[in-house]
Amino acid sequence: MATFFEEDLAPHGYAKHLILKSHIEAWLAIFTQSNYNHLVYIDGFAGAGRYGDGPGKPGSPLVFLSSWKKHRLYKNFPETLVILIEKDDENREKLTAAVEEYQQEERLKIKIFGGDFTSLLEKELDERQLHRQPILAFLDPFGYTQIPMTIIRRLMSYGKTDILINFMTHGLRRGIGISVRNAGLKEKINALFGDTDDRVQKAFLELKHENSRDVTRRLKFLTGSYESALKKKGGANYTIYFAMKGPKNDLIYHLFFATRHLKGQIVMKNSMYRARCSNDEELSFSDRDYFRFEHTNLAVKARKEIWLEAAAKKLKEKYAGQRVSVEEVEHYIWAETIFPFRKSIVTRAEPHRIVNKDGTPCKRKGSAPAGSMITFRSI
Ligand SMILES: C[S@@+](CC[C@H](N)C(=O)[O-])C[C@H]1O[C@@H](n2cnc3c(N)ncnc32)[C@H](O)[C@@H]1O
């Protein structure tokens with residue numbers, strides 16, 4: 001990791017690509033092994049392909065293409081359509097040169113489009129039959145006005161869709177203040193949340209009025225509102241988000257993930273866990289913490305203890321006094337908490353009893369085999 005930072009990207013930029021790369025690798029493996037005939041990768045705000053002049057560091061389209069080319073299952077991949085959209089002419093020219101070596105790959109169909117993400121993608125989706133094809137979309141704009149919820153909903157409607165979105169929380173926070181006097185911006189913020197009634201903006205300004213110093217509460221309100229919009233308006237079944245912070249531990253943006261299938265959520269959560277380097281109340285990466293802690297193994301180990309305990313506490317509270325299957329517990333941890341599921345979480349929750357499917361006590365103390373029922377203590 002360290003050598004990478006010496007050049008063009010800040011640590012959090014690398015963390016973003018690390019999360020993307022890790023998800024791409026698992027996504028390619030899952031859908032290749034499930035025998036799909038086509039895969040689709042969409043990079044909606046593709047950039048120049050590389051950072052800096054000359055060879056530079058790979059941008060997101062190259063993260064996808066090089067992961068594809070170097071993958072252990074490369075020989076088995078089905079045809080993969082890669083849609084790259086970039087509005088800026090100069091960036092697009094560089095992008096075209098950066099991906100050139102991959103154009104020779106027979107099973108890769110790389111299409112580069114110039115113009116606005118939403119209108120171009122809508123047009124492409126009208127023309128192509130993408131139903132039932134696994135789609136992975138990476139949407140990484142500079143601002144918060146370019147991804148209306150309607151396009152998320154359309155992508156989600158295809159079924160096996162995973163979307164990773166750069167949600168510019170910090171910019172949006174400021175933008176809502178400006179939108180009071182700017183009808184066009186107000187409309188775009190409505191579109192971001194799939195609304196027409198300024199609901200999020202009004203509630204945000206009320207929170208600000210109540211306590212102008214409590215920025216954390218307002219930011220939580222924005223992430224909560226977007227998460228709920230992705231589910232209610234965007235059609236996602238599972239969501240998770242990851243905070244990116246700068247050198248002063250100041251929030252820059254959130255990476256939001258939305259998917260229709262639990263496997264996608266599991267894969268992304270594992271990817272985010274690998275990249276996180278901050279506390280355990282949220283999934284986050286901060287440049288400040290990276291430079292402070294990343295190289296002290298002790299701190300990493302201690303954090304593992306902390307998050308396992310925090311996950312166990314969640315279980316104790318959620319299921320106090322109840323008897324539930326190990327499968328329900330596992331689903332709850334994956335779908336509704338920030339933690340990945342590990343069997344040791346169940347043991348740490350110190351349940352009253354674990355019995356096998358047939359009602360007999362589990363022989364191995366603390367283990368919860370498939371089908372077993374767990375009785376949690378009351379609190
Ligand atoms: C944050 S950069 C993308 C970085 C790239 N995803 C990466 O990780 O290497 C955002 C890019 O979106 C482009 N862009 C801005 N508005 C756009 C729009 N409406 N449609 C498509 N591209 C746009 C910008 O020119 C810029 O290159």
If all Cα-Cα distances of the chain are sorted into 20 Å bins from 0 onward, what percent lands in each bin, rounded to whole numbers? 26, 56, 18, 0
So which of Lys186/Lys208; Lys231/Lys314; Lys109/Lys263; Lys269/Lys343 end up more than 19 Å apart, counting from Cα to Cα? Lys231/Lys314; Lys109/Lys263
Length gained when the stretch Lys111-Arg342 is fully extended (0.36 nm per residue, less Cα-Cα span): 79.1 nm
Specify the inter-centroid distance of region 40-93 and region 14-33, based on alpha-carbon positions, in whole Å. 13
When only C-alpha pairs under 8 Å and at least 6 residues apart count, what is the relative contact order of the chain, in percent? 13
Compactness summary of region 302-375: radius of gyration and Dmax from Cα atoms, Å, are 11.7, 38
FRET efficiency for Lys365 and Ser325, Cβ-Cβ distance as r, R0 = 22 Å, nearest 0.05? 0.70
If you restrict to DSSP beta bridges whose two residues both lie in the chain, what percentage is antiparallel, to the nearest 5? 50
Links exceeding 29 Å between C-alpha atoms in this model, out of Lys111/Lys245; Lys16/Lys304; Lys111/Lys160; Lys21/Lys365; Lys188/Lys304; Lys232/Lys318, come to Lys111/Lys245; Lys21/Lys365; Lys188/Lys304
Pair Lys357, Asp89: separation of 7 Å Cα→Cβ label points (nm): 6.6
Normalised by the empirical 2.2 N^0.38 Å for globular proteins, what value does the Cα Rg of region 339-379 take? 1.12
With axes computed from alpha carbons, what is the tilt in degrees of helix 215-232 against the longest principal axis of the chain, rounded to the nearest 10 within 0 to 90? 80
Starting from the alpha-carbon convex hull of region 161-233, give the projected area averaged over all orientations, in nm². 5.0
For the chain, what % of the accessible area comes from carbon and sulfur atoms, probe 1.4 Å? 49
Taking the Cα atoms only, what angle lies between the long axis of helix 169-179 and the longest principal axis of the chain, rounded to 10 degrees? 60
For region 90-224, what is the convex hull (Cα atoms) projected area averaged across all directions, in square nanometres? 10.4
Evaluated over region 1-155, the Cα radius of gyration and Dmax, each in Å: 15.3, 44
Nearest 10, in degrees from 0 to 90: the angle of helix 183-193 to the longest Cα principal axis of the chain is 40
Where Lys and Arg each count +1 and Asp and Glu each count -1, what net charge lies around Lys160 among other residues with Cβ under 12 Å from its Cβ? +2
Name the residue farthest towards the positive end of the dipole of the chain from the options Thr118, Ile379, Asn249, assuming +1 on Cβ of Lys and Arg, -1 on Cβ of Asp and Glu, about the Cα centre. Ile379
What do you get when you divide the Cα radius of gyration of region 153-311 by 2.2 N^0.38 Å, with N the number of residues? 1.14
What percent does the relative contact order of region 100-257 come to when contacts are Cα pairs within less than 8 Å and at least six residues apart? 23
So what is the relative contact order for region 302-375, in percent, with contacts set as C-alpha pairs under 8 Å and at least six apart? 37
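The values are calculated or read from the model by the stated rules, or taken from the named source; none is laboratory data. None of the values given here were measured: they were computed from a predicted structure. Note: ideal-geometry Cβ built from the backbone for every residue, glycine included; neighbour counts use all protein chains shown. Quick note on the areas: whole protein, heavy atoms, side chains included, nothing else; ligands and nucleic acids left out. Shrake-Rupley method; radii C 1.70, N 1.55, O 1.52, S 1.80 Å.
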